[in-house]
Amino acid sequence: MDNKFETAGKEVLVEIVKLAQKRGMRGTKGGWKEFLSIYDKKFGVSLSDPARRTVDVLVAFLNTFSEKDDLQFFDKVMQCHFNRNDAEKFKKKSADGETPEQKLVRTTVEHPLYPSSYSFPSYEEGWLITKRSKKSKSMKSTTMIAVDCEMVLCEDGTEALVKVCVVDRNLEVKLNELVKPNKAVADYRTEITGVSAEDLEGVACSLTYIQKSIKNMLRYGTILVGHSLNNDLQALKLDHARVIDTSFVFKYGDGSSLRRPSLSDLCKSVLGYELRKKGTPHNCLDDACAAMKLVLAKIEGGVDNVIIPMVHKDVPEVEMAKLLLHRIPTSVPREELHKVVPGDFTIEIKGDKKAGGNKYTVVAVFKNQQEANQAFEDIEGNEEKDSSGRPQKLTTFQLSTGTGSLYVRKMAQDVRIVSKKRPLQDEDTLVKSKKKSKTQTDSDQCDSHVKEIERLKQELSQRDQEISNLNKIIAALARKQGL
């Protein structure tokens with residue numbers, strides 16, 4: 001491990017030391033600050049920021065650890081960094097001579113949302129990292145498998161894997177298992193997952209077994225395919241570098257790369273079939289096959305010019321009378337939210353605030369859509385769009401509990417409604433009105449063009465005068481120097 005530390009970059013070493021501090025890890029010379037007081041008599045703990053220390057000091061501290069669990073943790077952190085660095089190097093390499101499969105891997109890695117979506121805490125306990133092979137053959141492998149997962153909501157507020165399916169390039173099933181969650185389940189989300197508590201009776205398959213099974217399939221540079229694959233990898237607690245995400249490969253017709261098309265929309269537009277009927281649960285096997293079919297369609301060509309239309313899904317009127325309040329600090333009591341968001345509303349709980357983590361989510365329910373829209377308008381903060389194009393604002397606040405911030409989001413995209421009604425006019429009046437409007441528009445345009453021409457003439461005259469003055473100065477300086 002000593003040699004690994006010495007060859008690692010300072011950025012990696014700084015992160016490892018900070019994580020060691022956060023976890024309260026202690027080597028043979030104690031924690032980070034205790035080590036500094038012994039190792040550096042001159043500055044000691046007065047210079048405790050790892051980023052301000054030299055590589056030699058950081059390496060010396062990390063070399064005081066000898067416990068197997070500590071060293072395994074450090075190794076995982078370094079592997080995470082190596083994978084990220086390889087991804088960055090890969091983006092800089094020439095795409096010449098790449099296979100169609102590798103080009104889709106590149107498209108995924110180069111997507112603007114890739115860094116935030118695929119930066120996993122894979123150094124944490126329970127995560128499995130597939131190491132990148134240094135052999136060039138593995139990087140040229142065209143072997144692919146597609147995965148899809150279903151997750152349940154646990155009592156601690158986290159999600160747990162409950163079902164997983166894997167298919168190969170020929171759509172042959174390689175894995176199709178129900179998984180026993182390792183935590184108490186709060187909501188099986190049966191209407192989405194299709195899984196109930198009764199379905200899991202007698203199920204013994206664990207996340208660890210699934211991880212090992214998929215890892216064996218990912219040897220020798222195999223590419224992992226999926227739709228919004230980062231969510232599946234998060235559920236699997238699996239960090240794999242060579243991926244194709246179909247939500248990154250295909251784009252909506254407006255060219256936006258920040259809005260991910262749904263798997264259902266892609267199946268309709270690209271593959272020409274309906275993935276599932278409205279209201280029916282997800283089917284892991286169908287979704288995994290759909291993701292693989294989309295990749296194969298892209299590889300085989302003929303779908304590059306397919307336009308994925310933006311679909312504005314109908315949102316029930318009762319939902320339009322709500323605003324989603326998310327990323328609320330757990331230090332903020334729910335009743336205090338009335339001081340942050342204006343208007344008369346009740347609070348609908350989304351999960352358990354005490355379930356873990358330092359943020360929680362609620363829904364503000366207003367009497368009608370107009371009141372919800374007005375409250376959103378009255379909230380201070382810059383309006384932006386979430387990944388689905390829904391308006392939201394980041395607002396800051398000052399309460400008795402301190403200063404904080406949270407996001408307030410509408411339940412659907414804004415759709416401009418243009419009235420189709422117009423006052424009744426006879427044909428004669430309508431024609432005259434159009435002619436008058438056209439004549440007025442042409443006249444206004446002519447006036448505008450004349451004014452622009454006059455402005456440009458004046459500007460050109462000023463420039464000519466400036467050039468003339470500069471020529472006179474140059475001539476005077478030349479005479480003065482006897483040139």
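The values are calculated or read from the model by the stated rules, or taken from the named source; none is laboratory data. Please read all numbers here as calculations on a predicted model, not as lab measurements. A quick note on method: Cβ atoms are made from the backbone with ideal geometry, for glycine too, and the neighbour counts reach across all protein chains shown. Each accessible area value is taken on the protein alone, full model and side chains, heavy atoms only, with ligands, DNA and RNA left out. Shrake-Rupley method; radii C 1.70, N 1.55, O 1.52, S 1.80 Å.
Based on this model, can you work out whether C267 counts as open to solvent by 20 Å² or more (accessible area, probe 1.4 Å), under 25 Å from T190 (Cβ atoms) and assigned to a helix (DSSP H, G or I)? For C267, the condition - open to solvent by 20 Å² or more (accessible area, probe 1.4 Å), under 25 Å from T190 (Cβ atoms) and assigned to a helix (DSSP H, G or I) - is not met.
Yes or no: L296 over 23 Å from T99 (Cα atoms) and of a type in the set (A, V, I, L, M, F, W, C)? The answer is no for L296. Scanning the range 227-248 finds one or more residues that are without any contact (Cβ under 8 Å) to a residue 60 or more places away in the chain and not in a loop (DSSP other than H, G, I, E, B). When you look at V185, is it β-branched (V, I, T), free of Cβ contacts under 8 Å to residues at least 40 places away in the same chain, open to solvent by 20 Å² or more (accessible area, probe 1.4 Å) and under 28 Å from T99 (Cβ atoms), yes or no? So V185 fails the test. Annotation note: Cβ proximity below 8 Å between a residue of the range 201-220 that is at positive phi and a residue that is in a helix (DSSP H, G or I) (sequence gap 6+ or interchain) occurs for Y220/K137; Y220/S138. Would you check if Q21 is surrounded by fewer than 16 Cβ atoms within 10 Å (Cβ to Cβ) and touching a helix residue (DSSP H, G or I) at 6+ places or on another chain (Cβ under 9 Å)? So Q21 passes the test. Can you work out which of the residues in the range 33-61 that are among the β-branched types (V, I, T) and in contact with a Gly (Cβ under 9 Å, 6 or more places away or on another chain) is surrounded by the fewest Cβ atoms within 10 Å (Cβ to Cβ)? Looking at residues that are among the β-branched types (V, I, T) and in contact with a Gly (Cβ under 9 Å, 6 or more places away or on another chain), I get I38. Checking F82, F120, F61, F65 one by one, the residue that is part of a helix (DSSP H, G or I) and touching a helix residue (DSSP H, G or I) at 6+ places or on another chain (Cβ under 8 Å) is F61 and no other. Filtering the range 273-294 to residues that are surrounded by fewer than 18 Cβ atoms within 10 Å (Cβ to Cβ) and in a helix (DSSP H, G or I) leaves L285, D286. Taking the range 301-340, which residues are over 29 Å from S262 (Cβ atoms) and either at pLDDT 90 or above or surrounded by fewer than 17 Cβ atoms within 10 Å (Cβ to Cβ) (or both)? Selection gives P329, T330, S331, P333, R334, E335, E336, L337, H338, K339, V340. With the structure loaded, tell me whether A160 is part of a strand (DSSP E or B), open to solvent by 40 Å² or more (accessible area, probe 1.4 Å), farther than 20 Å from R242 by Cβ and of a type in the set (A, V, I, L, M, F, W, C) or whether it fails that test. Criteria not met by A160.
All conditions but one from (1) exposed (fewer than 11 other Cβ atoms within 10 Å of the Cβ); (2) of a type outside the set (S, T, Y); (3) free of Cβ contacts under 8 Å to residues at least 12 places away in the same chain; (4) not in a helix (DSSP H, G or I) apply to P112; the one that does not is (3). Of all the numbered requirements in (1) among the acidic types (D, E); (2) surrounded by fewer than 20 Cβ atoms within 10 Å (Cβ to Cβ); (3) closer than 30 Å to E88 by Cα, D199 misses one, and that requirement is (3).
Given the criteria assigned to a loop (DSSP other than H, G, I, E, B), out of contact with any strand residue (DSSP E or B) (no Cβ under 9 Å at 6 or more places or on another chain) and over 14 Å from P281 (Cα atoms), does N182 qualify? Break it down stepwise before answering.
On the way: assigned to a loop (DSSP other than H, G, I, E, B): yes; out of contact with any strand residue (DSSP E or B) (no Cβ under 9 Å at 6 or more places or on another chain): no; over 14 Å from P281 (Cα atoms): yes.
It is false that N182 is assigned to a loop (DSSP other than H, G, I, E, B), out of contact with any strand residue (DSSP E or B) (no Cβ under 9 Å at 6 or more places or on another chain) and over 14 Å from P281 (Cα atoms).
In a residue-by-residue description of the range 225-247, the property of being on the phi > 0 side of the Ramachandran plot, hydroxyl-bearing (S, T, Y) and either open to solvent by less than 40 Å² (accessible area, probe 1.4 Å) or modelled with pLDDT of 95 or more (or both) applies to at least one position. Looking at (1) open to solvent by less than 60 Å² (accessible area, probe 1.4 Å); (2) basic (K, R); (3) modelled with pLDDT under 90, which one does K350 not meet, given that it meets all the others? Of the numbered conditions (1) open to solvent by less than 60 Å² (accessible area, probe 1.4 Å); (2) basic (K, R); (3) modelled with pLDDT under 90, the odd one out for K350 is (1).
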